[in-house]
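A.B. asks: Sharing a structure below in structure tokens format, with a few things to ask.
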Amino acid sequence: MQAPDIDDRYARMAVLFMLSLALLGGTCATVIHWMAPVHRPMDLIVPPTISALYAGLIIALTRRPQWMVGIARIALVAAGLALAAPAWLYTLQATLTPGTLLVDTLPPVSSLFVVFLVMLMIFVPGRLAFLLAALGWTTIALPVLVYLLFHREEMWSARGTDLLMAYGPVSIMAVVLLPVQRGLAGKIRRLSTERQRMEVLLHRDPLTGAQSRLLGERMLREALDRDTPAGVIMLDLDRFKAINDTYGHPVGDRVLQAVASGCKDLLRGDECISRWGGEEFLALVPDIDASGLSQVAERLRSAIAGLPVAPVQAVTASFGITMIQPDDSLDTVLQRADRALYRAKEHGGNRVESASGE
């Protein structure tokens, strides 16, 4: 199945997108701080350092996709440190320096903290995500909230209420609602898995593993719509009812499975075989002429006749073959193949008959 590969590709794209946005944000912050009238050392060091780190992680991810999980975790740790450093530094500075206000010095990173929590809950599994989210909230948001609670004049300013909301209710809501998102994501994955299982049931015969008649008819219709030559082989096991009556249905099922497996082994990747009925199969052979179609049918007939399915002494099949004609419909091509198969049965079975005129 290809689903895991597809999931990995989407996950890598998500991590790459996250790193690119972080790099863009860090670059913009670097430019803004360098253009600001007042230059603070923390603002001049952290954004360019983070930008350089994320640029390196993007390069590493593109060259080593298998490092995706480690790269995502390094990015989250770096983001956490980049958010915690100014939170503690400027909070302590505002606390210890008279006349310094936190609402004036703290960089505009409150919204990035919410994004950090969301990314943490997405890329870290299970309970560990909640523990790390709690640790991140304690080390990044709590110092700012405690400071604001003890400095009410700053808390009720426009910037203060913004910080209070971002580090308080909004961040808590993000952590609380993300389990709901994970539950929905799990439900979607289960539905996707169930859909894939149903598609397998629709497209594969559960007993033999051959394609279902539904899929066989669809592929035959597609072949009728194409201009390239193609042929149809219809085969029916000889005296299959006698096998079931003599040896029982479990043995009959093993015969059907052996026939389907033997035919699939002989057919090319672009050729397909479908279980058409109880003991009847239909093979579609594209890009072939009448002579080649006859040779393919003969190989299948010989392979079936040589199948060892104990305790059955011999397994044989009758074949009717026909090339698809330009004016064919699904019914006409099947009718020709079925008539050729009937002639093979009339002549004793274990033989290949072509449609009239071919």
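A.B. asks: How large is the accessible surface per residue of the chain, computed with a 1.4 Å probe and reported in Å² as a whole number?
C.D. replies: 55 Å²
A.B. asks: Okay, next question. List every residue whose amide H lies under 5 Å from the amide H of residue 204, counting only residues 5 or more places away in sequence or on a different chain, with H placed 1.01 Å from N in the peptide plane.
C.D. replies: For residue 204, the qualifying residues are 212.
A.B. asks: If you don't mind, another one. Have a look at 262, 220, 235 and report the one farthest towards the positive end of the charge dipole of the chain, computed about the Cα centre with Cβ charges (Lys/Arg +1, Asp/Glu -1).
C.D. replies: 262
A.B. asks: Right, something else. Can you list, bin by bin at 10 Å, the percent of alpha carbon pairs in the range 1-124, starting at 0?
C.D. replies: It works out to 12, 40, 28, 14, 5, 1, 0, in whole percents.
A.B. asks: Let me ask something else. Could you tell me what a quarter of the Cα convex hull surface of the range 63-181 works out to, in nm² with one decimal place?
C.D. replies: Reported value for the Cα convex hull: 8.1 nm².
A.B. asks: What percentage of the solvent-accessible surface of the chain, computed with a 1.4 Å probe over protein heavy atoms, is contributed by carbon and sulfur atoms?
C.D. replies: Of all accessible area on the chain, carbon and sulfur atoms account for 64 percent.
A.B. asks: For the range 123-192, what is the convex hull volume of the alpha-carbon atoms per residue, in Å³?
C.D. replies: 87 Å³
A.B. asks: Which residue, chosen from 123, 11, 330, occupies the Cα position most advanced towards the positive end of the dipole of the chain, where the dipole is computed from +1 (Lys, Arg) and -1 (Asp, Glu) charges on Cβ about the Cα centre?
C.D. replies: Comparing the listed Cα positions along the dipole, 123 ranks first.
A.B. asks: Return a whole-number percent for the relative contact order of the chain, with Cα pairs under 8 Å and 6 or more residues apart as the contact set.
C.D. replies: 11 percent
A.B. asks: Using only the Cα atoms of the chain, construct the convex hull and provide its projected area averaged over every direction, in square nanometres to one decimal.
C.D. replies: Hull-based average projected area comes out at 26.7 nm².
A.B. asks: Could you work out the relative contact order of the range 1-143? I mean the mean sequence separation of Cα pairs under 8 Å and 6+ apart, divided by the number of residues, in percent. Could you put the intermediate results ahead of the total?
C.D. replies: Numbers: 95 pairs, mean separation 29.7, N = 143.
RCO, the range 1-143: 21 percent.
A.B. asks: Now a separate question. Taking the Cα centre of the chain as origin, sum charge times position over the Cβ atoms of Lys and Arg (+1) and Asp and Glu (-1), and report the length of that vector in debye to the nearest 20.
C.D. replies: 1200 debye
The values are calculated or read from the model by the stated rules, or taken from the named source; none is laboratory data. Since we're looking at a predicted model, the values are computed, not measured. Heads up, the Cβs are rebuilt from the backbone with ideal geometry, glycines too, and the neighbour counts pull from every protein chain shown. All accessible areas refer to the heavy atoms of the entire protein, side chains included, with ligands and DNA or RNA removed. Shrake-Rupley method; radii C 1.70, N 1.55, O 1.52, S 1.80 Å.
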